[in-house]
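The values are calculated or read from the model by the stated rules, or taken from the named source; none is laboratory data. Everything quoted here is computed from the prediction, not taken from an experiment. No Cβ is skipped: glycine too gets one built from the backbone with ideal geometry, and neighbour counts run over all protein chains shown.
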Amino acid sequence: MTSQEPLRVAAIGVGYLGRHHARILSALDGARLVAVADINRERAAAVALPLGARPVVDAHGLLADVDAISVAVPTESHVEVALPFLEQGIGVLIEKPLARTVAEADRLIAAAQASGAVLAVGHTERFNPAVAVARAHVRAPRFIEVHRLGTFPERSLDIDVVFDLMIHDLDVVLSMVESEVAAVEAVGVPVLTDRVDIANARLRFESGCIANLTASRISRDRTRKIRFFQPDAYVSIDYAEQEVEVYRLRRGDGARPEIEGGKLDVPREEPLRRELADFVSAVRNHRSPAVTGHDGRRALALAQLITERIGG
């Protein structure tokens, strides 16, 4: 591939989320969707053919034909699918969580480091325009409140809600709080499956910041919000609506303090498109992606600790 040629990309796993990977990759500047892989031959063909791509069943048969891949297969198959590509120096974006365990994540990271391959992790909320706008206003938060409530899905039931939903917010919180986690308390309950369907975690950082996170996949209504409370300021993000509100306390000379603020301008854009565009750019320009394998490992390690606290 020369700097002028489009990146040859493939989408591996085109179920609930992966078909959107294929759709976006087929239209991205600097990329050309050459193949779609899925163990279900009919599903691969249904997604690939309208996009002008080749449907395949064996993803590893593409090793000689691609420069980069996105992986949206079940978590248990992440290492099996992605490792051979990373070992060949091929860029890989893996949907969150990066792997089933930290040990598996370390294998992926080590392979990428050894070959020089780009390894990105699909923590999509990092690419939410609302998060990007709010980030400049979050400074030394003291308390963070997160609610991610969803209706019962037909997806991701192979993992606990902590790995399925809460991990999005764990990654965002870890990227916003410049401190290490000092303590974790957590509770969770299996309700409709044999895995934890609703969970709450309370994180205490070394800085003194407290983050309280609730995630559910059995709620009647959908809510995806995070709020930051910090000295003299309040920042609220509605992920779904891509809205940000900021309020600050203004202290006048001798006058009563006043609260000022409101909604900020947020350019609406599909987070997944921004994520995939960043990945393609990282591979083309030989740079680190916005969410690295190490970022994915850190969120995974915290999610794993939370599930241990729930089980313990």
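A few notes on this one:
- Checking Gln113 against (1) surrounded by fewer than 19 Cβ atoms within 10 Å (Cβ to Cβ); (2) closer than 25 Å to Ile237 by Cα; (3) assigned by TED's automatic domain parsing to the domain that holds Leu25, the condition it does not meet: (2)
- For segment 241-250, the set of residues classified as surrounded by fewer than 18 Cβ atoms within 10 Å (Cβ to Cβ) and in contact with a Pro (Cβ under 7 Å, 6 or more places away or on another chain) consists of Leu249, Arg250, listed by residue number.
- Test for Ile218: is it of a type in the set (Val, Ile, Thr) and in a strand (DSSP E or B): no
- Qualifying residue in segment 2-15 (condition: assigned to a helix (DSSP H, G or I), of a type outside the set (Ser, Thr, Tyr) and at pLDDT 95 or above): no
- So Asn200, is it out of contact with any Leu (no Cβ under 6 Å at 6 or more places or on another chain), under 16 Å from Glu308 (Cβ atoms) and not charged (D, E, K, R): yes
- Here Asp265 passes the criteria (1) farther than 21 Å from Ala140 by Cβ; (2) surrounded by 11 or more Cβ atoms within 10 Å (Cβ to Cβ) except the one numbered (2).
- If you go through segment 18-46 and keep only what is part of a helix (DSSP H, G or I) and either surrounded by 24 or more Cβ atoms within 10 Å (Cβ to Cβ) or under 23 Å from the mean Cα position of the chain (by Cα) (or both), you end up with Gly18, Arg19, His20, His21, Ala22, Arg23, Ile24, Leu25, Ala44.
- Checked against (1) within 30 Å of Glu5 (Cβ to Cβ); (2) of a type outside the set (S, T, N, Q); (3) under 19 Å from the mean Cα position of the chain (by Cα), Lys225 passes all but a single condition, namely (1).
- If the condition is being touching a residue at least 60 places away in the same chain (Cβ under 8 Å) and of a type outside the set (Val, Ile, Thr), then segment 2-17 contributes Ser3, Leu7, Arg8, Ala10, Ala11, Gly13, Gly15, Tyr16, Leu17.
- Of everything in segment 211-240 that is touching a Lys or Arg at 6+ places or on another chain (Cβ under 6 Å) and either hydroxyl-bearing (Ser, Thr, Tyr) or not assigned by TED's automatic domain parsing to the domain that holds Val161 (or both), the residue that is surrounded by the most Cβ atoms within 10 Å (Cβ to Cβ) is Tyr239.
- Counting residues in segment 203-214 that are part of a strand (DSSP E or B), farther than 20 Å from Val181 by Cβ and either of a type outside the set (Asp, Glu) or touching a residue at least 40 places away in the same chain (Cβ under 8 Å) (or both) gives zero.
- Scanning segment 178-226 for residues that are in contact with a His (Cβ under 9 Å, 6 or more places away or on another chain) and farther than 14 Å from Ile159 by Cα yields Leu213, Thr214, Thr223, Arg224, Lys225, Ile226.
- Residue that is in a loop (DSSP other than H, G, I, E, B) and either modelled with pLDDT of 95 or more or of a type in the set (Lys, Arg) (or both), where the choices are Arg287, Arg298: Arg287
- Being in contact (Cβ under 8 Å) with a residue 60 or more places away in the chain and either over 30 Å from Gly30 (Cα atoms) or surrounded by 13 or more Cβ atoms within 10 Å (Cβ to Cβ) (or both) holds for only one residue in Val191, Val187, and it is Val187.
- Residue selected from segment 198-236 under the condition out of contact with any helix residue (DSSP H, G or I) (no Cβ under 7 Å at 6 or more places or on another chain) and of a type in the set (Val, Ile, Thr), by the criterion nearest to Arg248 (Cα to Cα): Ile210
- Beta carbons closer than 6 Å, at least 6 apart along the sequence or on distinct chains, pair a first residue in segment 43-66 that is among the hydrophobic types (A, V, I, L, M, F, W, C) with a second that is assigned to a loop (DSSP other than H, G, I, E, B) for Ala44/Asp38; Val47/Val14; Leu51/Ser26; Leu63/Gln88.
- When each of Ala22, Ala53 is tested for being under 18 Å from Val81 (Cα atoms), assigned by TED's automatic domain parsing to the domain that holds His78 and touching a Leu at 6+ places or on another chain (Cβ under 8 Å), the lone residue that passes is Ala22.
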